[in-house]
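Before any comments, here is the structure.
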Amino acid sequence: MADRLLQKEVELNEKHEEILARREALLRQAEIRLGDSQDLSASVAHHWNQAKQRNQDLIEEIVQCQTDAKIQAARPLSVTLTTLKEKYWNMVEQEMPEWKEEVKKAKKDRSNPPSAR
């Protein structure tokens with residue numbers, strides 16, 4: 001009887017050791033996962049802050065461009081630009097009749113293929 005009890009106690013001690021070893025392994029895995037999770041959270045937070053700063057910089061740059069464009073638009077045109085603009089429109093008015101004739105001729109030629117002429 002004492003041998004059986006001793007044998008049972010040895011079996012229970014072995015089982016207890018196995019359970020403790022499994023518990024240790026599970027605790028190590030949990031610590032590793034927690035560390036990975038914390039690393040991931042820190043990485044996500046870092047990238048989030050970088051993106052937030054980049055977006056803020058872009059917004060500031062856009063606002064500055066809008067301000068510069070408004071200032072530029074409020075300035076009167078330079079004499080050189082005004083002269084070039086007037087010359088351009090004069091040239092367009094002079095060339096327009098000739099261009100219209102070329103367009104009519106091209107349409108006529110397209111509607112009458114070479115085989116029909």
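Read-outs throughout are calculated quantities, based only on the coordinates presented, and are distinct from any laboratory measurement. Because the structure is predicted, anything quoted here is derived from the model rather than measured. Methodologically, a virtual Cβ is constructed for each residue, glycine included, from the backbone with ideal geometry; neighbour enumeration extends over all protein chains shown.
Under unit Cβ charges (Lys, Arg +1; Asp, Glu -1), what dipole magnitude, rounded to 20 debye, does the chain have relative to its Cα centre?
It comes to approximately 1160 debye.
Label-to-label distance, ALA51 versus LEU12, with points set 7 angstrom from Cα along the beta-carbon direction: 5.7 nm.
Mind sorting out which of (1) 42.9, 126; (2) 16.2, 50; (3) 20.9, 74 is the real Rg and Dmax of the Cα atoms in Å computed from the coordinates? Structure-derived value, by its label: (1).
For the chain, find the longest principal axis of its Cα atoms and tell me its angle to the long axis of helix 2-74, 0 to 90°, nearest 10. It is inclined by approximately 20 degrees. Taking the C-alpha atoms only, the angle from helix 79-111 to the longest principal axis of the chain is near 80 degrees. Using the Cα centre of the chain as origin and beta-carbon charges of +1 (Lys, Arg) and -1 (Asp, Glu), tell me which of LEU27, LEU77, CYS65 is placed farthest towards the positive end of the dipole. Towards the positive end, the residue furthest out is LEU77. Measuring between their Cα centroids, segment 2-41 and segment 56-91 lie 75 Å from each other.
Comparing ILE59, ILE32, ILE19 in a Gaussian network model of the chain (Cα springs below 10 Å), the most mobile by mean-square fluctuation is ILE19. Each residue, ASP109 and LEU20, gets one label point 7 Å from its Cα in the Cβ direction; the gap between the two is 10.1 nm. When the Gaussian network model of the chain links Cα atoms closer than 10 Å, the mean-square fluctuations of GLN94, GLN66, GLN29 top out at GLN94.
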